[in-house]
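Undergrad: Below is the structure I would like to discuss, written out as structure tokens.
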Amino acid sequence: MKADQDKALRPGDWDSYIGQEKVKERLKIQIDAAKSRNQPLAHILLTGEPGTGKTSLSSIIADEMGMDFEAMMITPGLKMTSVTKRIMDRDDGMVLLTDEIHNMSKANQHYMYSILEDNEIAMDSGDTVPIEIPLTIIGATTDPGMLSKAMHDRFDIKHRLETYTDEEMTEVVLGMAERLELKINRGAAIRLGQASAGTPRQARILTNAGRDIGVNNVDAILKMTGISQEGLTEDHIDYLQSLSDLGGQSGIQNLVNHTGRPREIIIDIEKLLVRRKFVELGRSGRTLMVPGLKALRRINKEKGNK
């Protein structure tokens, strides 16, 4: 049911896909050129923070190319056969999204080279099998630095998705509400857009909650989801509280110990806080800034904490 809800909230074409105008403009040109040559679109690397629309964009690319769309999440322990089986089991063309492709092991990245560059699958025996269907691989990653240079270079098309402005997020929320046939006023859409933290994924969470308790009841939506008016999740709030408890300045290892969260999660949490200027990263570590302190105090006051 949740997957169906998420699908209903995703944009289905260029017009309903808000933002990323430069990326959309370039992709339209690249898609038209590929179609004029009667060839599949070249393999694509999409980078950007979590929730910025990489999956939705990939689905639209597949529709524009007239090809089926499949998506799979790459995990650190994934075997390469999970990817190759998706390709070899098909009789017709497809766009295959390999999400979080940076999690692919270096050994498996090496196997991907032959798919991306030579349009063939390398077998453990040393033999190769040609790929006979039209195929576009879209590698999506939040951390392109973890890709080997050789892997990075084998994607002919590369686009970076930026986080959305509050104004763009207002339009995203309005579009989601319309697709769900919810009557939302613009004031509520603005507030939910601001609470979406620049990502359509968070907007989907808020809009789905609004469908259950009333899309114009913003305060109740924020309380139900545990998201602040600034777009902070409970993880962000815990981080700010830990940094405050540590005297307003700390190295990352102390934050790992204090929050109980792994280093990579801390780094991911910080992205929004730095963008909002709630936290500053420097040589002496992480520093809690005045806007972050004010937000934390307001949130604690609402919760009845000191």
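The values are calculated or read from the model by the stated rules, or taken from the named source; none is laboratory data. Just so we're clear, the structure is a prediction, and the values are computed from it rather than from any experiment. Positions of Cβ are generated from backbone atoms using ideal geometry, with glycine treated the same way; all protein chains shown enter the neighbour counts. All accessible areas refer to the heavy atoms of the entire protein, side chains included, with ligands and DNA or RNA removed. Shrake-Rupley method; radii C 1.70, N 1.55, O 1.52, S 1.80 Å.
Undergrad: Just one of THR75, THR52 is open to solvent by 20 Å² or more (accessible area, probe 1.4 Å), out of contact with any Cys (no Cβ under 9 Å at 6 or more places or on another chain) and hydroxyl-bearing (Ser, Thr, Tyr); which is it? Walk me through how you get there before you give the answer.
TA: On the way: THR52 fails: open to solvent by 20 Å² or more (accessible area, probe 1.4 Å).
Just a single option satisfies the conditions, and that option is THR75.
Undergrad: For residues in the range 238-265 being free of Cβ contacts under 8 Å to residues at least 24 places away in the same chain and of a type in the set (A, V, I, L, M, F, W, C), which is least open to solvent (accessible area, probe 1.4 Å)?
TA: Filtering the range 238-265 for residues that are free of Cβ contacts under 8 Å to residues at least 24 places away in the same chain and of a type in the set (A, V, I, L, M, F, W, C), the one least open to solvent (accessible area, probe 1.4 Å) comes out as VAL256.
Undergrad: Counting only residues that are over 22 Å from the mean Cα position of the chain (by Cα) and open to solvent by 60 Å² or more (accessible area, probe 1.4 Å), how many does the range 59-72 have?
TA: 1
Undergrad: So, in the range 132-189, how many residues would count as being within 26 Å of ASP89 (Cβ to Cβ), open to solvent by 10 Å² or more (accessible area, probe 1.4 Å) and of a type in the set (Val, Ile, Thr)?
TA: Adding up the residues that qualify gives 2.
Undergrad: In this structure, does LEU96 turn out to be over 17 Å from SER58 (Cα atoms) and under 23 Å from the mean Cα position of the chain (by Cα)? Walk me through it before giving the result.
TA: On the way: over 17 Å from SER58 (Cα atoms): no; under 23 Å from the mean Cα position of the chain (by Cα): yes.
Spelling it out, it is not the case that LEU96 is over 17 Å from SER58 (Cα atoms) and under 23 Å from the mean Cα position of the chain (by Cα).
Undergrad: Further, regarding this structure: Just to verify a result, which residue in the range 215-232, among those that are open to solvent by less than 70 Å² (accessible area, probe 1.4 Å) and among the aliphatic types (A, V, I, L, M), is farthest from ASP166 (Cα to Cα)?
TA: Looking at residues that are open to solvent by less than 70 Å² (accessible area, probe 1.4 Å) and among the aliphatic types (A, V, I, L, M), I get ALA220.
Undergrad: Being charged (D, E, K, R), open to solvent by 10 Å² or more (accessible area, probe 1.4 Å) and more than 23 Å from the chain's Cα centre (by Cα) is true for just one of ASP268, ASP212, ASP235. Which residue is that? If you could, list the steps in order and put the result at the bottom.
TA: Details: ASP268 fails: more than 23 Å from the chain's Cα centre (by Cα); ASP235 fails: more than 23 Å from the chain's Cα centre (by Cα).
The match here is ASP212.
Undergrad: Taking the range 93-120 as the region of interest, how many residues are in a strand (DSSP E or B) and either modelled with pLDDT under 90 or loosely packed, with under 15 Cβ neighbours inside 10 Å (or both)? Show your work before the answer.
TA: So the first thing to find is which residues in the range 93-120 are in a strand (DSSP E or B), and the list is 94-99, 120.
Then keep just the ones that are either modelled with pLDDT under 90 or loosely packed, with under 15 Cβ neighbours inside 10 Å (or both); that gives 120.
The total comes to 1.
Undergrad: Can you name the residue in the range 271-285 that is open to solvent by 50 Å² or more (accessible area, probe 1.4 Å) and of a type outside the set (Lys, Arg) and, of all such residues, is nearest to GLY187 (Cα to Cα)?
TA: In the first step, residues of the range 271-285 are kept if they are open to solvent by 50 Å² or more (accessible area, probe 1.4 Å); the result is 271, 274-277, 280-281, 283-284.
Those left that are additionally of a type outside the set (Lys, Arg): 274, 280-281, 284.
Numbers: VAL274: 27, GLU280: 31, LEU281: 34, SER284: 41 Å.
Selected residue: VAL274.
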